[in-house]
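Single-structure report; data block below.
The values are calculated or read from the model by the stated rules, or taken from the named source; none is laboratory data. Quantities reported herein were computed from a predicted structural model and do not represent experimental measurements. Because the Cβ atoms are built from the backbone with ideal geometry, glycine has one as well, and the counts that use them run over all protein chains shown. What goes into the accessible areas is simple: the full protein's heavy atoms, side chains included, and nothing from ligands, DNA or RNA. Shrake-Rupley method; radii C 1.70, N 1.55, O 1.52, S 1.80 Å.
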Amino acid sequence: KHVARNDMNAKWDFNQEQADQLGSIQFSENHKIWSQLKMIQLTEKDLGMLHMAQPFLLPWLDEISEAFYESVLQVGSLKEMINQHSSVEKLQITLRKHIEEMFDGFINEAYVEKRMRIASIHYRIGLEPKWYMGAFQKVQAVVFERLMMHAANPQLAIEVVHSFNKVLNLEQQLVLE
Ligand code: HEM
(Lines give C-alpha, C1' and ligand atoms only; values in the text may rest on other atoms or scores of the structure.)
Protein backbone atom coordinates (compact mmCIF):
# COMPACT_ATOMS: atom_id res chain seq x y z
CA LYS A 1 0.00 0.00 0.00
CA HIS A 2 2.86 2.37 0.78
CA VAL A 3 4.76 1.67 -2.40
CA ALA A 4 4.62 4.67 -4.69
CA ARG A 5 3.98 3.93 -8.33
CA ASN A 6 7.09 4.21 -10.43
CA ASP A 7 5.34 5.99 -13.22
CA MET A 8 4.38 9.32 -11.71
CA ASN A 9 3.44 10.68 -15.12
CA ALA A 10 0.69 8.16 -15.75
CA LYS A 11 -2.83 9.53 -15.44
CA TRP A 12 -5.12 7.89 -12.91
CA ASP A 13 -8.55 6.49 -13.61
CA PHE A 14 -10.79 3.74 -12.23
CA ASN A 15 -14.11 2.12 -12.75
CA GLN A 16 -16.48 3.50 -10.10
CA GLU A 17 -19.13 0.80 -10.52
CA GLN A 18 -18.44 -1.02 -7.25
CA ALA A 19 -17.65 2.09 -5.23
CA ASP A 20 -20.72 1.76 -3.00
CA GLN A 21 -19.68 -1.77 -2.00
CA LEU A 22 -16.13 -0.69 -1.17
CA GLY A 23 -17.01 2.06 1.28
CA SER A 24 -18.28 1.37 4.75
CA ILE A 25 -19.97 3.41 7.50
CA GLN A 26 -19.87 1.47 10.76
CA PHE A 27 -21.90 3.09 13.54
CA SER A 28 -24.69 1.78 15.74
CA GLU A 29 -28.18 2.55 14.51
CA ASN A 30 -28.87 5.26 17.07
CA HIS A 31 -25.45 6.96 16.90
CA LYS A 32 -25.75 10.75 16.90
CA ILE A 33 -23.38 11.04 13.96
CA TRP A 34 -25.97 9.77 11.46
CA SER A 35 -27.77 13.10 11.28
CA GLN A 36 -24.46 14.86 10.60
CA LEU A 37 -23.65 12.39 7.83
CA LYS A 38 -27.10 12.89 6.39
CA MET A 39 -26.77 16.66 6.40
CA ILE A 40 -23.64 16.55 4.22
CA GLN A 41 -24.87 13.48 2.32
CA LEU A 42 -21.76 11.49 3.05
CA THR A 43 -22.48 7.96 1.84
CA GLU A 44 -20.72 4.62 1.54
CA LYS A 45 -20.30 5.41 -2.14
CA ASP A 46 -18.26 8.51 -1.24
CA LEU A 47 -16.04 6.42 1.00
CA GLY A 48 -15.70 3.79 -1.72
CA MET A 49 -14.68 6.45 -4.24
CA LEU A 50 -11.97 7.63 -1.88
CA HIS A 51 -10.84 4.06 -1.31
CA MET A 52 -10.47 3.55 -5.05
CA ALA A 53 -8.60 6.83 -5.49
CA GLN A 54 -6.20 6.17 -2.61
CA PRO A 55 -3.49 4.29 -4.58
CA PHE A 56 -3.31 7.17 -7.05
CA LEU A 57 -2.88 9.75 -4.34
CA LEU A 58 -0.06 7.92 -2.52
CA PRO A 59 2.78 9.16 -4.77
CA TRP A 60 1.79 12.77 -4.03
CA LEU A 61 1.33 12.60 -0.28
CA ASP A 62 4.83 13.81 0.61
CA GLU A 63 4.44 16.85 -1.62
CA ILE A 64 0.98 17.52 -0.23
CA SER A 65 2.25 17.39 3.32
CA GLU A 66 5.23 19.64 2.51
CA ALA A 67 2.99 22.22 0.83
CA PHE A 68 0.73 22.19 3.88
CA TYR A 69 3.52 22.99 6.32
CA GLU A 70 5.05 25.55 4.01
CA SER A 71 1.86 27.57 4.30
CA VAL A 72 1.52 27.02 8.06
CA LEU A 73 5.13 28.10 8.64
CA GLN A 74 4.44 31.45 6.99
CA VAL A 75 2.57 32.40 10.15
CA GLY A 76 5.20 33.26 12.75
CA SER A 77 3.17 32.28 15.80
CA LEU A 78 2.36 28.87 14.28
CA LYS A 79 5.99 28.22 13.45
CA GLU A 80 6.89 28.90 17.09
CA MET A 81 4.10 26.62 18.25
CA ILE A 82 5.39 23.78 16.10
CA ASN A 83 8.98 24.18 17.22
CA GLN A 84 7.95 24.39 20.84
CA HIS A 85 5.84 21.20 20.81
CA SER A 86 7.16 19.11 17.94
CA SER A 87 9.02 19.51 14.65
CA VAL A 88 8.06 20.01 11.02
CA GLU A 89 9.73 16.71 10.10
CA LYS A 90 7.61 14.77 12.60
CA LEU A 91 4.39 16.56 11.76
CA GLN A 92 4.85 16.05 8.02
CA ILE A 93 4.83 12.32 8.67
CA THR A 94 1.74 12.41 10.91
CA LEU A 95 -0.15 14.62 8.46
CA ARG A 96 0.79 12.38 5.54
CA LYS A 97 -0.64 9.40 7.39
CA HIS A 98 -3.69 11.38 8.42
CA ILE A 99 -4.57 12.36 4.84
CA GLU A 100 -3.92 8.82 3.64
CA GLU A 101 -6.44 7.59 6.23
CA MET A 102 -9.08 9.93 4.87
CA PHE A 103 -8.97 7.73 1.76
CA ASP A 104 -9.19 4.38 3.59
CA GLY A 105 -12.87 4.04 2.73
CA PHE A 106 -14.45 3.43 6.12
CA ILE A 107 -15.46 5.44 9.15
CA ASN A 108 -16.28 4.05 12.58
CA GLU A 109 -16.19 4.90 16.28
CA ALA A 110 -12.38 4.60 16.41
CA TYR A 111 -12.11 7.04 13.48
CA VAL A 112 -14.26 9.57 15.31
CA GLU A 113 -12.40 9.11 18.60
CA LYS A 114 -9.06 9.59 16.89
CA ARG A 115 -10.20 12.90 15.38
CA MET A 116 -11.53 14.09 18.72
CA ARG A 117 -8.18 13.20 20.28
CA ILE A 118 -6.26 15.11 17.60
CA ALA A 119 -8.56 18.08 18.20
CA SER A 120 -7.82 18.01 21.91
CA ILE A 121 -4.07 17.88 21.21
CA HIS A 122 -4.39 21.07 19.16
CA TYR A 123 -6.60 22.66 21.80
CA ARG A 124 -3.98 21.84 24.44
CA ILE A 125 -1.18 23.54 22.52
CA GLY A 126 -3.38 26.60 22.10
CA LEU A 127 -4.07 26.43 18.36
CA GLU A 128 -6.92 28.86 17.75
CA PRO A 129 -9.90 27.69 15.64
CA LYS A 130 -9.23 30.37 12.99
CA TRP A 131 -5.82 28.82 12.27
CA TYR A 132 -7.18 25.30 12.45
CA MET A 133 -9.83 26.22 9.86
CA GLY A 134 -7.29 28.03 7.69
CA ALA A 135 -5.16 24.91 7.70
CA PHE A 136 -8.10 22.81 6.46
CA GLN A 137 -8.35 25.10 3.45
CA LYS A 138 -4.75 24.26 2.60
CA VAL A 139 -5.36 20.51 2.93
CA GLN A 140 -8.34 20.85 0.61
CA ALA A 141 -6.43 22.93 -1.93
CA VAL A 142 -3.36 20.71 -2.20
CA VAL A 143 -5.31 17.45 -2.40
CA PHE A 144 -7.55 19.03 -5.04
CA GLU A 145 -4.55 20.16 -7.10
CA ARG A 146 -2.83 16.78 -7.07
CA LEU A 147 -5.99 14.83 -7.86
CA MET A 148 -7.01 17.09 -10.73
CA MET A 149 -3.56 17.52 -12.21
CA HIS A 150 -3.05 13.80 -12.69
CA ALA A 151 -6.55 12.68 -13.61
CA ALA A 152 -7.32 10.97 -16.92
CA ASN A 153 -11.01 11.55 -16.35
CA PRO A 154 -11.87 15.03 -14.98
CA GLN A 155 -15.51 14.09 -14.37
CA LEU A 156 -14.45 11.21 -12.13
CA ALA A 157 -11.82 13.39 -10.44
CA ILE A 158 -14.47 15.98 -9.60
CA GLU A 159 -16.57 13.28 -7.95
CA VAL A 160 -13.60 12.10 -5.88
CA VAL A 161 -12.85 15.69 -4.85
CA HIS A 162 -16.49 16.08 -3.89
CA SER A 163 -16.31 12.96 -1.72
CA PHE A 164 -13.07 14.17 -0.17
CA ASN A 165 -14.63 17.52 0.69
CA LYS A 166 -17.41 15.72 2.56
CA VAL A 167 -14.93 13.74 4.65
CA LEU A 168 -12.99 16.93 5.31
CA ASN A 169 -16.19 18.67 6.36
CA LEU A 170 -17.05 15.81 8.73
CA GLU A 171 -13.63 16.20 10.28
CA GLN A 172 -14.22 19.92 10.78
CA GLN A 173 -17.55 19.11 12.43
CA LEU A 174 -15.75 16.72 14.78
CA VAL A 175 -12.80 18.91 15.70
CA LEU A 176 -14.82 22.08 16.28
CA GLU A 177 -17.28 20.33 18.56
C1 HEM B 1 -0.16 17.21 15.91
C2 HEM B 1 -3.11 16.94 12.08
C3 HEM B 1 -3.21 21.78 11.89
C4 HEM B 1 0.46 21.92 15.00
C5 HEM B 1 -0.95 16.73 14.91
C6 HEM B 1 -1.22 15.33 14.66
C7 HEM B 1 -2.02 15.25 13.57
C8 HEM B 1 -2.30 16.60 13.14
C9 HEM B 1 -2.57 13.99 12.91
C10 HEM B 1 -0.63 14.16 15.43
C11 HEM B 1 -1.46 13.87 16.64
C12 HEM B 1 -0.87 12.69 17.38
O13 HEM B 1 0.13 12.87 18.08
O14 HEM B 1 -1.39 11.60 17.24
C15 HEM B 1 -3.45 18.23 11.75
C16 HEM B 1 -4.47 18.61 10.78
C17 HEM B 1 -4.50 19.97 10.75
C18 HEM B 1 -3.51 20.44 11.68
C19 HEM B 1 -5.30 17.62 9.97
C20 HEM B 1 -5.36 20.90 9.96
C21 HEM B 1 -6.16 20.60 9.03
C22 HEM B 1 -2.16 22.22 12.63
C23 HEM B 1 -1.69 23.59 12.65
C24 HEM B 1 -0.66 23.64 13.51
C25 HEM B 1 -0.47 22.30 14.06
C26 HEM B 1 -2.26 24.75 11.83
C27 HEM B 1 0.12 24.88 13.80
C28 HEM B 1 0.75 25.15 14.90
C29 HEM B 1 0.58 20.68 15.56
C30 HEM B 1 1.51 20.34 16.63
C31 HEM B 1 1.30 18.98 16.91
C32 HEM B 1 0.27 18.50 15.99
C33 HEM B 1 2.53 21.28 17.29
C34 HEM B 1 2.06 18.13 17.95
C35 HEM B 1 1.45 18.30 19.29
C36 HEM B 1 2.15 17.47 20.32
O37 HEM B 1 2.59 16.37 20.00
O38 HEM B 1 2.25 17.95 21.46
N39 HEM B 1 -1.62 17.47 13.97
N40 HEM B 1 -2.90 19.37 12.26
N41 HEM B 1 -1.42 21.47 13.50
N42 HEM B 1 -0.15 19.57 15.21
FE43 HEM B 1 -1.52 19.47 13.76
Report summary line: Note on the chain: alpha-carbon gyration tensor, axes a ≥ b ≥ c; rule is a/c under 1.5 for rounded, else prolate if a/b larger than b/c, else oblate; result oblate
Report summary line: Zone reached by a paramagnetic label modelled 7 Å from Asn153 Cα along Cα→Cβ, restricted to the range 31-63 with backbone N below 15 Å, covers 46, 48-56
Query - Average accessible surface area per residue within the chain, 1.4 Å rolling probe, Å² - result: 57
Query - Taking the chain and dividing mean pair separation by its residue count, relative contact order in percent (alpha carbons under 8 Å, at least six apart) - result: 34
Report summary line: For Phe106, the residues 5 or more places away or on another chain with a placed amide H closer than 5 Å to its own amide H are Ser24
**Report entry** Carbon plus sulfur fraction of accessible area for the chain, probe 1.4 Å, in percent
**Finding:** 54
**Report entry** Radius 15 Å from Cβ of Lys114, net charge of other residues (Lys, Arg +1; Asp, Glu -1)
**Finding:** -4
Report summary line: Computed for the range 23-161: size of charge dipole around the Cα centre, +1 on C-beta of each Lys and Arg, -1 on C-beta of each Asp and Glu, debye to nearest 20, value 380
Report summary line: Out of Asn15, Met81, Ala135 - ranked by how far each Cα lies towards the positive end of the dipole of the range 1-160, with unit charges on the beta-carbon of charged residues - the top one is Met81
Report task. Would you list, by chain and number, the aspartates and glutamates whose Cα falls below 15 Å from the Cα of Lys114, excluding same-chain residues fewer than 8 positions away? Result -> Glu100, Glu101, Asp104, Glu171, Glu177
Query raised in the report: Of Lys32/Lys79; Lys45/Lys79; Lys38/Lys97; Lys11/Lys32; Lys45/Lys90, which sit over 29 Å apart, Cα to Cα?
Result: Lys32/Lys79; Lys45/Lys79; Lys11/Lys32; Lys45/Lys90
Requested in this report: Give a residue-ordered list of calculated ³J(HN,Hα) values for the range 163-174 (Karplus: 6.51 cos²θ - 1.76 cosθ + 1.60, θ = phi - 60°; whole Hz; x for Gly, Pro).
Outcome: 5, 5, 4, 5, 5, 5, 5, 4, 4, 5, 4, 6
Report task. Please give the calculated 222 nm ellipticity per residue for the chain, where each DSSP H segment of at least 4 residues contributes -39500 (n - 2.57) and the sum is spread over every residue; nearest 500 deg cm²/dmol? Result -> -22000 deg cm²/dmol
